[in-house]
Structures are given as C-alpha cells and as structure tokens.
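Inspection log for the structure reproduced underneath, given as structure tokens.
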Amino acid sequence: MTDHTEEKIDRAVLVGLNAGCLSREENASESSMEELAALLETAGGVCVGTVLQNKDTPDPRTFIGEGKVAEVKELVQGTGATMVIFDNALSPSQQRVLSDELGVGVLDRSALILDIFAQRARTKEGRLQVELAQYQYLLPRLLGMWTHLERQEGAIGTRGPGETQLETDRRHIRRKIQKLREELEQVRRVRATQRTRREKNEVPVVAIVGYTNAGKSTLLNTLTGSDIPANNRLFDTLDTTTRTLEISDTCTVLISDTVGFISKLPHHLVEAFKATLEELSFADLLLHVIDSSNPEWREQAAVVESLIYELGASETPRIDVFNKCDRYSGDILPHGEDIVTVSAKTGEGLDRLRSMIGDRLDAGAHRVTLSLPYDKGGLLDTLYKEAKVESVEYGETILVTAICTPKLLGQMSQFLTDN
C-alpha cells in the first residue's frame, strides 16, 4: 500500500535562470528557488535536484541553452524525476521544446501555483477563480497539444482535422472563459450587496494581507479566538475568512484573512482573484503582516505593496504588523505610529495592535441614552441610520440606548439623559 502511494508522488528537478538582461522579478535566485521547492512541497511533490543557470540572455528556443538542457536531462534520468519545473516564466513554445527534449512534463512557476490553488480552493467562488485562471493559462498553450498531428505529414487527413479540432477547442475554451467571467461577475454583485448591508450597519472592515506564510491565519485566530487551520504551508488560506473582533464596548470590527501574496504571481491569477481581493479596496483598514523572521522580509513586503497598489487599495489606511518577533534576531525593526511588532503565536504585542485598530476605527463613539419626545420620533430613523441602536423603550418619551459618533451626539445633545 505504501509503495503505491510513493509511486504517485511527483519527483521534480527545479531549474532557474539568472540572466543579466532580465528584471529581478523575472530572474531566478537562490531564495526564489527555495521558495519554488516550498511550493512544490505544498503541491505534494518532492525536489530531487536543483539547477540554477547564470547566462547573459535566455535562449529563445530552450530558455537555458542546449548544453544546460543536456545536463538537466542527465539529472532527470539519474534521479528518476517525473517532471521539470522552471522558476521563470516560459513561453508556450519553450515549454513544448523542453518537454520534448527532456522526455518529461515541463511546468513553470505559474503552472505550479495554479495547481496549488486548484487543490486548495474550497468555496464555489474560489473554484471559479482558479478555473478561469487555468483556462487563461491554457489557451496560448493549446497548440502544443496538437504537434503530434503536425508531425504526421504523410498521413492523409490528419492535418485538417487537427487544425479543426484546435479551433474547436479554442472556441470552447473562449466560451468557457466568458461563462466563468459572467459567473464571477454574479458573485461580485452578491458580495457588493453584502458589503452595502455591512456599510449600513456601519461595521468597519479590517483586511489582513501579507506574503504567503507570514502568519496571517494565526494572527486572525489569536485576535478573534477562532480556529481557522493555520499550517506552515504556502497558500494555506485561499478563500476569504471573516470573523468579528470586539475592540471595545463601542467598537466592533469585521476582520478578514485573505490569500497570501507571492512574488511572480501569475498575472491572470491576480486578475482572477480580484473578486476576493477587491475586498481590500473596500476595507477601512489593512493589516500588512510581515514575517520578520524571514531574511527576505523587505523583498516580500515590496511584493505585497505593489499588489496592494495594483488592486486599488494603496489609499486605504494601513498598519504594518511585524509578526514572529519571537523568532527575530536581526537589527532593530522599523518603528513608528503605523507599525507594531507582534508574535501571533505567543500573543506578544497583540494588546498594542488591538488599541491601534481601535484608535483608527473607533470614531470616539459613546454609548448614551436619549429621551426623545414623541413629536421628535423622526429622529429615531436618523439614529437607526447613523448610530448603533441597542434598545428602544416607549414610555412617557422614547428612550433609546445607542452608540453614537461625536458628530451625531452634537445633533442630539438636547435629548441626552443624565445616565
């Protein structure tokens, strides 16, 4: 039984290219290769070899050059690898050539991330988003699936049906993409309705963002006392989880955990996940969780910054939460009024984080009792719209207990009771 399970584990050789003409984002480095190995592990595979190639420019045909391809092929055969995964983005034709020459399936980082997302998505929305991203990734690569027909030049009738089949497949995938987009639009509309309802209740929304594996789910669990699975795995949270957090008697917020960001995130995946991540631009406050124990935290934070900007949430107030401070051993971390150092695991610094959230979102509201004469009953509508009404009693006057903002208190001051 065990042998059967072991046979199904994909063994992969990881390959990366570091070229002078490529940007930092496009290049592979030792740290990005380590991250690729962690992604592979998350997907359920095992790394059996790593090749990091330094070259001035990528080879247009094989990306890494013929000599390196021969070296990788030898490594594949020597280790019994079942696939090769590139840290860099490959063009469809490069992927096809490499697969032919190496004799095993070739994926790039985007395809691996898509596979993990496909395994992890739980909600209908999450699955729709992943499916859309997969089809967008697949469309330009369809041609490679029909090369076997093109090779049979002598066989009568093979080229025509092959091309016809390819066109049919393209049309089918384009229709599928359109249908998925429409379904996602519907999900967005439902979300927008829920959000409007929330805004009516005037419940502030806090969104937790950060690089994958920075400790976002652990932070949400510790703050709210909930039990969302928090594992040491990349992309453990794909579907947004929202919980209520009581900051004080007068301030309650909704706090959401979002999917972890990662460098070289496939662009169409960002597009496909905008329905989840658009929550960021509607949040009242972002908590950017940074793994301070990771030597690459600055680069990781920069990736999150650029994605926050791309998602239209750069104007949203933000607190930078340096997590895992119990495991930090470097220089002094940045500090300031929008920065807090915490350990979601031990609870260190969380009281300060709560009070910082309160300072930004508690608009100085107070719980008061108002005594409204019946001829001023219309003010009750105002209170329902602009305050949090807790109780209404009808006696000689209308006694209303509500949590009011300072502005509203100014308007209602003449009806305040002593208690």
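For the residue pair V203 and D381, what label-to-label distance in nm results when each label sits 7 Å from Cα along the Cα-to-beta-carbon direction? A separation of 2.6 nm, rounded to one decimal place.
Toward the positive end of the charge dipole of the chain, about the Cα centre and with charges on Cβ (Lys, Arg +1; Asp, Glu -1), which of L142, I398, L219 goes farthest? After comparing all options, I get L142.
Going down the list K176/K264; K73/K176; K124/K264; K8/K216, which pairs span over 30 Å between their C-alpha atoms?
Working: K176/K264 26 Å; K73/K176 37 Å; K124/K264 25 Å; K8/K216 32 Å.
Correct reply: K73/K176; K8/K216.
Residues T341, T123, arranged from fewest to most other Cβ atoms within 10 angstrom of their Cβ, appear as T123, T341.
Would you mind ranking S293, S31 by Cβ crowding within 10 Å, fewest neighbours first?
Going from sparsest to densest Cβ surroundings: S31, S293.
Only helical runs count toward this figure. For the chain, summing -39,500 (n - 2.57) over DSSP H runs of n ≥ 4 and dividing by all residues gives -13500 deg cm²/dmol at 222 nm. When the chain is described by a simple charge dipole with +1 on each Lys and Arg Cβ and -1 on each Asp and Glu Cβ, the residue from L132, C21, A38 located farthest towards its positive end is L132. Applying 0.36 nm per residue to the separation of R367 and E74 and subtracting their alpha-carbon distance, the gain on full extension is 98.2 nm.
The GNM of the chain, with springs linking C-alpha atoms under 10 angstrom apart, assigns the highest mean-square fluctuation among Q136, Q300, Q77 to Q77.
Could you tell me the convex hull volume per residue, in Å³, taken over the Cα atoms of the range 1-89? Before the final figure, lay out the partial values.
Details: hull volume 8.1 nm³, N = 89.
So the per-residue Cα hull volume is 91 Å³.
May I have the pair-distance distribution P(r) for the chain, computed from all Cα-Cα distances with 10 Å bins from 0 and rounded to whole percent? Once binned at 10 Å, the Cα pair distances of the chain give 4, 18, 24, 22, 15, 8, 5, 3, 1, 0. The order of E26, E66, going from fewest to most other C-beta atoms within 10 Å of their C-beta, is E66, E26. Among L353, L220, L166, which one shows the biggest mean-square fluctuation in a GNM of the chain, springs joining Cα atoms closer than 10 Å? With Cα springs under 10 Å in the chain, the top fluctuation among L353, L220, L166 is at L166. Kindly express, to the nearest 10 degrees and within the range 0 to 90, the angle between helix 30-43's C-alpha long axis and the longest C-alpha principal axis of the chain. Here the helix axis deviates by roughly 80 degrees.
Amide H contacts for D108 (H built 1.01 Å from N in the peptide plane; partners 5 or more residues away or on another chain; cut-off under 5 Å): F86.
Which value, in debye to the nearest 20, gives the size of the charge dipole of the chain about its Cα centre, when Lys and Arg are +1 and Asp and Glu are -1 at the Cβ? Present the calculation step by step, with values, prior to reporting the outcome.
On the way: 48 positive and 64 negative charges, 239 e Å.
Using only the charged Cβ atoms, the result is roughly 1140 debye.
Among 175-188, 307-320, what's the highest-first ranking by average C-beta atoms within 10 angstrom per residue? Provide the component values of the computation, followed by the final result.
Working: 175-188: 14.3, 307-320: 16.5.
Descending mean neighbour count gives 307-320, 175-188.
Just so you know, all these numbers are worked out from the coordinates, no wet-lab data involved. Computed from a prediction, not measured in an experiment: that's the story for all the values here. No Cβ is skipped: glycine too gets one built from the backbone with ideal geometry, and neighbour counts run over all protein chains shown.
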